[in-house]
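The values are calculated or read from the model by the stated rules, or taken from the named source; none is laboratory data. Remember, predicted model here, so these are calculated numbers, not experimental data. Cβ coordinates were reconstructed from backbone atoms using ideal geometry, including for glycine residues, and neighbour counts include every protein chain displayed.
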Amino acid sequence: MSSPNEVMEDPYVATSEKPRTDSHSGKLSKKEKIAYGVGSSNDAWGNWLLPGIVWPVFNAYLGVATHLISIALMFNRLFDAISDPLFGWASDNARTKWGRRRPFILVGSVLSGIGMMAFFWLIQPGWHEKVYFWYLLLSSGILITLVSCFNMPYQSLGAEMTPDYEERTSVFAYRGGFQKLAEIGNFGAAAFITLSIFNGDILWGSKIFGTIIGTLMILSGGSVFFGTKERYYANVIRKPSNKVGIIEAYSGALKCKPFRTQLAMAVTYGTCTSMIGTLGFYTTVFYVCGGDWALGGKWNLAMGASMVLVGFAGIPFFSKIAHMAGKRSAMILVLFLSIIAYASTWFLYNPNYPYLQLITSGFNAFTMAGFWMLYGAIGADVIDYDELETGKRREGAFTACGSFFMKIGLAIGIGAPGFILKWIGFDEALGGNQAENTLVMMRVFLAAIPIAGLLVALVFLLRFQLTKAKSEEIRAKLEERRGYID
């Protein structure tokens, strides 16, 4: 284990804590916020590329049944739910001269980038359906574990970038903005792999696409490693009590009441909204585009562009609301507008006017960008609350514990659409000739599932009591106890 003196050799590890000298303490440079924000692309692609791209590759091209793909994706999230707590706990307890988060971030980005490339290049045509199923289940499980090595320390680092209540919103706004850019890759995947230059060979297109994305994932990790600092690390290494066992870490996190409330809100939101990704794509392809995968992929790309552009607008909009009225009030507005957005899908998915999809996708992205930006900023305040109560900084435990329960919800959300499609009578062999009742039920579930989940999330949010005034009071008490984090 490195000594404290060795730890402080790295210029990217903050080395001092001192009394606050002015009202601007805690502000970060744009350069550092950009460096951190770029890393969100690894998060976006590592966690969300496969749940979208596997459908045209494994279902449309390789002929794997939808319910088998759903089972594989469910286990993918269960792998994630197991690996996230391990990497969160490991980064909390790591002690190196480069800090406790950044080494994991660098190594994890390299491994996950290579893993993304390997996932597609190892697939070969002509395998039996069951072989494809087991390959998807096991190899995607390995890949998501590598992504966890990057993602848990990366998410934890965001919660300790600054002690300032307002600046935390700014940090997560930058991250949200870069994540919207990265999402172009997710939405454009189907359009890219069906380009005419691949002559209908979707698998070959996916191998080229995976290589591009994997390379960018490696570069994004380098941006975070070299461009950010760990400001709480000097304080952490002076307190041996900050190193705790994995069971103690997560049971301790769950004892924090504001965290439990925040987590319940996020799990319900994430579960219901993750279901509509696949349902929305199949509604576009089979209801709006009459079963034409290539045309559906192009519209999905256009919808992705709409989500990026309008989603960008949601970040400064809800950031401004949070600065004016507080994060809790801004989040309430997010959920109300989200309900309206998902209700509009019934009217805006229209085969006669396919461009209306761009409105609903943009509206959904507008609110979703606000939700995840505010969720991260609120999480940093919750960790301050826990430090005041326990004297420990354990961002990794909170991040991974939250991720565990959210991934269980996402496993349900990502896996359920395949079973829903089977239950409503969808048959891939029928192409664009699906039964009318099947198409109607696609649209019903596309609207009803997220609305129900959002109402439950709103109930939990109304129970959350960490206001701006309370959070600033907590910060003042912490700084009186252990000094200002520079």
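Scan the range 368-393 for residues that are in contact with an Asp or Glu (Cβ under 9 Å, 6 or more places away or on another chain) and farther than 17 Å from Gly26 by Cβ and the total you get is 1. Tell me yes or no: at least one residue of the range 431-454 is at pLDDT 90 or above, closer than 30 Å to Arg475 by Cβ and surrounded by fewer than 23 Cβ atoms within 10 Å (Cβ to Cβ). No, the range 431-454 has no match at all.
Annotation note: Cβ proximity below 8 Å between a residue of the range 133-150 that is acidic (Asp, Glu) and part of a helix (DSSP H, G or I) and a residue that is surrounded by fewer than 23 Cβ atoms within 10 Å (Cβ to Cβ) and modelled with pLDDT of 95 or more (sequence gap 6+ or interchain) occurs for no pair. Scanning the range 83-100 for residues that are of a type in the set (Lys, Arg) and crowded, with 18+ Cβ neighbours inside 10 Å yields a single hit, Arg100. Does at least one position in the range 331-341 carry a residue that is surrounded by 19 or more Cβ atoms within 10 Å (Cβ to Cβ) and polar (S, T, N, Q)? Yes. Reported count of residues in the range 299-316, each being more than 20 Å from the chain's Cα centre (by Cα) and under 24 Å from Tyr165 (Cβ atoms), is 0.
I'm trying to understand the selection: among the residues of the range 347-364, which are assigned to a loop (DSSP other than H, G, I, E, B) and within 26 Å of the chain's Cα centre (by Cα)? Within the range 347-364, Tyr349 is the sole residue that qualifies.
Among all positions in the range 101-117, there is at least one residue which is charged (D, E, K, R), surrounded by 20 or more Cβ atoms within 10 Å (Cβ to Cβ) and not in a loop (DSSP other than H, G, I, E, B).
The listed residues are Gly311, Gly296, Gly304, Gly291, and the only one of them that is among the small types (Gly, Ala, Ser) and in a loop (DSSP other than H, G, I, E, B) turns out to be Gly291.
Checking each residue in the range 29-68 for being part of a helix (DSSP H, G or I), under 21 Å from the mean Cα position of the chain (by Cα) and among the hydrophobic types (A, V, I, L, M, F, W, C) picks out Ile34, Ala35, Val38, Ala44, Trp45, Trp48, Leu50, Ile53, Val54, Trp55.
Out of Arg475, Arg463, one residue alone is more than 29 Å from Phe75 (Cβ to Cβ) and surrounded by fewer than 18 Cβ atoms within 10 Å (Cβ to Cβ). It is Arg463. Which pairs do you get when a residue that is on the phi > 0 side of the Ramachandran plot, found in the range 422-443, comes within reach of a residue that is among the acidic types (Asp, Glu) and part of a helix (DSSP H, G or I), reach meaning Cβ atoms under 8 angstrom, with the pair 6+ apart or on two chains? Every condition considered, no pair remains. Which of the numbered conditions does Gly379 fail, given that it passes all the others? Conditions: (1) assigned to a helix (DSSP H, G or I); (2) surrounded by fewer than 24 Cβ atoms within 10 Å (Cβ to Cβ). Gly379 satisfies all of (1) assigned to a helix (DSSP H, G or I); (2) surrounded by fewer than 24 Cβ atoms within 10 Å (Cβ to Cβ) except (2). Looking at Gly63, Gly52, just one residue is small (Gly, Ala, Ser), out of contact with any strand residue (DSSP E or B) (no Cβ under 6 Å at 6 or more places or on another chain), at pLDDT below 85 and closer than 30 Å to Phe133 by Cα, and that residue is Gly52.
Considering (1) buried (at least 20 other Cβ atoms within 10 Å of the Cβ); (2) touching a Gly at 6+ places or on another chain (Cβ under 8 Å); (3) modelled with pLDDT of 95 or more; (4) not basic (Lys, Arg), the lone condition that Thr194 does not fulfil carries the number (3).
Rundown of residues vs (1) touching a helix residue (DSSP H, G or I) at 6+ places or on another chain (Cβ under 6 Å); (2) surrounded by 20 or more Cβ atoms within 10 Å (Cβ to Cβ); (3) modelled with pLDDT of 90 or more, yes/no style:
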{"site": "Val131", "(1), (2), (3)": "no, no, yes"}
{"site": "Leu136", "(1), (2), (3)": "yes, yes, yes"}
{"site": "Ser140", "(1), (2), (3)": "yes, yes, yes"}
{"site": "Leu146", "(1), (2), (3)": "yes, yes, yes"}
{"site": "Arg175", "(1), (2), (3)": "yes, yes, yes"}
{"site": "Lys180", "(1), (2), (3)": "yes, yes, no"}
{"site": "Glu183", "(1), (2), (3)": "yes, yes, no"}
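Across the range 76-127, the qualifying residues are those that are farther than 24 Å from Gly222 by Cβ and among the hydrophobic types (A, V, I, L, M, F, W, C), and the one among them that is farthest from the chain's Cα centre (by Cα) is Trp127. One residue stands out among those in the range 81-100 that are charged (D, E, K, R) and part of a loop (DSSP other than H, G, I, E, B): the one that is modelled with the highest pLDDT, which is Arg100. The single residue among Phe286, Phe318, Phe336 that is in a helix (DSSP H, G or I), aromatic (Phe, Trp, Tyr), in contact (Cβ under 8 Å) with a residue 24 or more places away in the chain and over 18 Å from Phe464 (Cβ atoms) turns out to be Phe286.
Criterion applied to Ile414, Ile408, Ile424 was being over 24 Å from Leu337 (Cα atoms) and modelled with pLDDT under 85, and the one residue passing it is Ile408.
When you scan the range 181-209, how many residues do you find that are acidic (Asp, Glu) and part of a helix (DSSP H, G or I)? Number of matching residues: 1. Give me the residue from the range 224-255 that is hydrophobic (A, V, I, L, M, F, W, C) and modelled with pLDDT of 90 or more and, out of that set, nearest to Leu466 (Cα to Cα). It comes out as Val224.
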